[in-house]
């Protein structure tokens with residue numbers, strides 16, 4: 001898959017633009033917000049699309065439930081809050097009114113994990129993927145690239161079901177020059193034969209940087225963007241593991257229950273091989289900027305490089 | 001809309017008999033809160049709601065959300081009697097593979113519009129459905145039945161604020177105020193005070209029905225609710241848990257209890273007497 005590298009754009013800008021154009025094209029597209037329009041840059045949508053874009057107030061449980069109710073009547077709701085409140089705060093509603101009810105809702109959780117930065121531990125969802133991965137029928141997406149994000153917004157609107165999409169609001173590098181993605185299919189960003197690095201969200205850029213440094217040491221790392229954490233692309237992960245014989249996962253999430261767990265489950269059942277999970281240990285978040293938190297929680301490219309060498313050693 | 005009181009009361013008796021039959025076939029179940037809503041269901045399914053048993057998913061139908069999902073047996077009785085599915089299905093309640101699970105499930109049962117079972121959630125589902133109708137300028141109604149114990153759930157009040165702000169006047173909510181929840185009376189556990197006053201304070205149009213097990217009074221309350229064009233209406237039905245069968249009316253706790261064949265025979269006798277007296 002072709003890679004470009006540029007400064008990209010703010011994902012919240014992508015979201016506001018895509019919601020605007022989707023709502024113009026289809027009046028059944030609904031945007032519900034739990035009073036974070038200012039933080040998301042979507043404030044104009046409420047006046048431009050009265051009724052279709054609704055700030056329900058600070059009530060995530062009702063927002064998800066009402067979205068599920070209207071979806072059964074043909075509406076296609078996108079609902080947003082910070083990832084913490086879009087998961088923990090409305091988990092039972094997403095489970096029962098959403099999944100169990102056979103509803104059709106896209107839950108957007110912004111600023112996952114350490115990307116919550118100055119909002120700190122209270123606002124730092126490191127467990128949202130674990131929660132939603134256990135819900136039957138829920139699709140879980142972890143995305144931090146503008147082009148892929150645009151695709152995911154458009155594609156989920158075309159599909160019927162329950163989706164959880166976590167994304168950072170701020171500026172992120174663009175590394176795709178394609179729009180040919182598929183939910184459920186991982187993207188091999190860089191081919192390699194020595195070790196597999198399966199990453200998602202903001203950790204994909206760290207994985208790419210790690211692969212470049214490893215190459216200077218003569219190690220060919222295969223980098224896979226597993227943006228669909230559920231249903232996970234078993235075929236792609238297994239094929240890569242068969243080829244490299246060693247796997248590292250990298251995620252901006254607790255190592256319990258997220259991408260690392262999902263990949264470990266696949267490998268343990270199909271291609272047992274040395275593996276290591278790079279992610280946040282079993283602890284809470286805290287305030288700080290992205291660089292500080294990345295160091296603090298071991299989410300840097302150095303952590304990935306170290307893990308890659310460790311699993312390669314264990315191959316022998 | 002014509003209202004035939006005698007016919008509706010008879011229908012309520014049949015709902016009671018059928019729901020008890022369903023619960024007796026399993027041996028136990030949610031008796032009290034099913035019996036207390038038999039009358040409102042009888043009214044809704046006697047011409048008030050726009051539904052078609054031959055086409056349960058009819059696009060422009062009125063919706064009914066039983067947020068107190070454990071009253072499933074009452075719904076199933078009403079739906080079976082109306083011909084949404086064969087009455088024999090009632091004997092499969094809560095058995096493996098049944099289309100009639102304890103809590104109402106729209107994916108399993110014809111005539112169930114939204115799935116419930118975690119208290120409070122039906123309120124938001126109903127508000128969302130009513131909101132979609134309003135956006136699309138449809139003129140159908142969404143009916144919602146809440147338990148009084150269910151009002152302990154914060155989500156109910158979130159949904160009420162939303163419904164009031166969005167002026168969902170075609171959302172008509174019934175509170176089954178039978179005064180009892182699982183572990184005791186609503187007063188003992190977490191006092192609700194004046195339920196109608198609480199909803200009124202949130203901005204709802206409210207109607208209090210003195211005898212919430214009287215079909216005529218329920219019907220008149222619905223007629224009054226339909227005059228409202230701005231606010232969602234909440235009809236507080238002062239009911240009796242276990243209503244219509246003295247054994248359960250007198251029982252301290254009939255939320256979930258056993259129903260033996262003997263109990264069923266006794267209840268049928270009382271209910272048939274009631275029907276003959278109409």
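Just so it is clear, none of the values below were taken in a lab; they were calculated from the coordinates. This structure is a prediction, so every number in the text was calculated from the model and none was measured. For neighbour counting, all protein chains shown are included, and Cβ atoms are generated from backbone atoms with ideal geometry for every residue, glycine included.
Values for this structure:
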{"item": "Packing-based ranking, highest mean first, of B:56-65, A:224-233 given that Cβ atoms within 10 Å are counted", "result": "A:224-233, B:56-65"}
{"item": "For chain A, built as a Gaussian network whose Cα springs stay under 10 Å, the top-fluctuating residue of A:34, A:144, A:134", "result": "A:134"}
{"item": "Footprinting exposure proxy for B:241, B:226, B:82 (fewest neighbouring C-beta atoms within 10 Å first)", "result": "B:226, B:82, B:241"}
{"item": "Globularity ratio of segment B:159-278, using Cα Rg and 2.2 N^0.38 Å", "result": "1.27"}
{"item": "Computed E for residue A:239/residue A:119 - FRET, C-beta separation, R0 41 angstrom, nearest 0.05", "result": "0.55"}
{"item": "Pairwise Cα inverse-distance average, inverted: Kirkwood Rh of segment B:35-83 (Å)", "result": "11.3"}
{"item": "Segment A:8-100 pair-distance distribution - Cα-Cα, 5 Å bins, rounded %", "result": "3, 14, 25, 24, 20, 11, 2, 0"}
{"item": "FRET efficiency, residue B:28 to residue B:188 (Cβ-Cβ, R0 41 Å, nearest 0.05)", "result": "0.95"}
{"item": "Residues listed by number, segment A:5-24, amide nitrogen under 20 Å from residue A:158 label point at 7 Å toward C-beta", "result": "A:14-24"}
{"item": "Label-point separation in nm, residue B:227 to residue A:268, each point 7 Å along Cα→Cβ", "result": "6.6"}
{"item": "Equivalent ellipsoid, segment B:69-109 (semi-axes from 5 times Cα gyration tensor eigenvalues, Å)", "result": "14, 11, 9"}
{"item": "Counting DSSP beta bridges with both ends in the protein assembly as shown, the antiparallel % (nearest 5)", "result": "20"}
{"item": "Peptide B:113-122, shielding by other chains (average Cβ, 10 Å cutoff)", "result": "6"}
{"item": "Chain A: angle of helix A:301-315 to the longest principal axis, Cα-based, in degrees nearest 10", "result": "50"}
{"item": "Partner chain coverage, peptide B:131-138 - average Cβ within 10 angstrom", "result": "6"}
{"item": "Förster radius 51 Å - calculated FRET efficiency between residue A:183 and residue B:253 (Cβ-Cβ, nearest 0.05)", "result": "0.55"}
{"item": "Two-site label geometry, residue A:310 and residue B:201: point separation in nm, points 7 Å out along Cα→Cβ", "result": "5.7"}
{"item": "Chain B - share of DSSP beta bridges that are antiparallel (%, nearest 5)", "result": "15"}
{"item": "Chain B: calculated mean residue ellipticity at 222 nm from DSSP helix runs of at least 4, using -39500 (n - 2.57)", "result": "-12500 deg cm²/dmol"}
{"item": "Spatial separation of Cα centroids for segment A:251-286 and segment B:40-66, in angstrom", "result": "49"}
{"item": "Ranking of A:31, B:45, A:160 by count of other Cβ atoms within 10 Å, fewest first", "result": "A:160, B:45, A:31"}
{"item": "Most mobile of A:107, A:197, A:58 in a GNM of chain A (Cα contacts under 10 Å)", "result": "A:58"}
{"item": "The protein assembly as shown: C-alpha gyration tensor shape, a/c 1.5 cut-off, then a/b vs b/c", "result": "prolate"}
{"item": "Scattering profile of segment B:1-104 at q = 0.17 Å⁻¹ [log10 I(q)/I(0), Debye over alpha-carbon scatterers]", "result": "-0.74"}
{"item": "Overall form of chain A per C-alpha gyration tensor (a/c, 1.5; a/b vs b/c)", "result": "prolate"}
{"item": "Per-residue [θ]222 nm for chain A (sum of -39500 (n - 2.57) over DSSP H runs n ≥ 4, rounded to 500)", "result": "-11000 deg cm²/dmol"}
{"item": "Between 0 and 90°, nearest 10: helix B:72-82 axis offset from chain B longest Cα axis", "result": "90"}
{"item": "Using distinct alpha-carbon pairs, which all enter the 1/r mean, Kirkwood radius of segment B:5-277 in Å", "result": "18.3"}
{"item": "Candidates A:253, A:123, A:270, ranked by Gaussian network fluctuation over chain A, Cα under 10 Å, top entry", "result": "A:270"}
{"item": "Crossing angle, helix A:146-158 versus chain A [Cα axis fit, 0-90 degrees, rounded to tens]", "result": "50"}
{"item": "Cα convex hull of segment A:6-174, projected area averaged across orientations, nm²", "result": "8.6"}
{"item": "Shape of segment A:138-282, Cα gyration tensor, a/c cut at 1.5", "result": "prolate"}
{"item": "Average other protein chain Cβ within 10 Å of Cβ, residues A:91-103", "result": "5"}
{"item": "Segments B:13-19, B:210-216, A:43-49 sorted - mean Cβ within 10 Å per residue, highest first", "result": "B:13-19, B:210-216, A:43-49"}
{"item": "Kirkwood-Stokes translational diffusion coefficient of segment A:218-316, alpha-carbon pairs, 37 °C, 0.692 mPa s, µm²/s", "result": "233"}
{"item": "Taking A:182, A:10, A:117 and counting other C-beta atoms within 10 Å, the order from fewest to most", "result": "A:182, A:10, A:117"}
{"item": "Antiparallel %, DSSP beta bridges [both residues in segment A:187-315], to 5", "result": "20"}
